[in-house]
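The values are calculated or read from the model by the stated rules, or taken from the named source; none is laboratory data. Here the structure is a predicted model, which is why all the values come from computation and not from measurement. Virtual Cβ from ideal backbone geometry, glycine too; neighbours counted across all protein chains shown. These accessible areas exclude ligands, DNA and RNA; they are computed on the full protein's heavy atoms, side chains included. Shrake-Rupley method; radii C 1.70, N 1.55, O 1.52, S 1.80 Å.
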Amino acid sequence: MNFKRTLSLALAFVLLFALAAVPASAAEDGAKKATVMIYLCGSNLESDNLQGTKTISNILSTRYDMDDINVVVLLGGSKAWGSGYSTKELTLLEVGGRRPRMIEAWELASMGDPSTLVHFLEYCHENYPAESYDLVVCDHGGGPVYGVCQDSLFPPDMLETGELVDALSASPFRDKGLDL
């Protein structure tokens, strides 16, 4: 199975799981059922094959219920974005409807730096309240031995396995954890 099909199926599973993993009633404080946070380090997957851009298109094609689920994406780490996003900053998107909506541009930082992931998790926790939180770290990498998110703009930086653990431990999810 090719990378695109595998990633599409994985993201569809995450969106379906996000709905199934939480109670049927929305929180009284206006929280949605789920917030899916996608930390998308484009690296050469985007600059060579537009895989990050295709990932966002695949999310849009799932036609998930935007009344129940937030999908928030942080883009970075690529020398070029086929969708026209800047490589001089990190781009925060809400994905839904017919096209992604840019929320903010953040100062350029390495996607391989654990503090970048912590900042993203904190932002999502503060701005996208939900009953359930799911995190997708999207990039190819060195697997469990070396890590993920090899940032093409900050070589040879990548988010090593221990750094990923540290980032999750420093995040707002350290006590409750993530649902997926």
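Ser61 versus Lys176, label points 7 Å from Cα toward the beta carbon: distance in nm?
For the pair Ser61/Lys176, the computed spacing is 3.3 nm.
Please state the shape class of region 43-180: rounded when a/c is under 1.5, otherwise prolate if a/b exceeds b/c and oblate if not, all from the C-alpha gyration tensor.
oblate
Asp175: accessible area at probe 1.4 Å, nearest 10 Å²?
Surface open to solvent at Asp175 totals about 140 Å².
Run the 1.4 Å probe and let me know the accessible area of Glu126, rounded to the nearest 10 Å².
150
Return the sequence-ordered ³J(HN,Hα) values of region 141-158 in whole Hz as given by the Karplus equation 6.51 cos²θ - 1.76 cosθ + 1.60 applied to θ = phi - 60°, using x for Gly and Pro.
Whole-Hz 3J(HN,Hα) from phi for region 141-158: x, x, x, x, 7, 9, x, 9, 6, 6, 6, 5, 8, 10, x, x, 4, 8.
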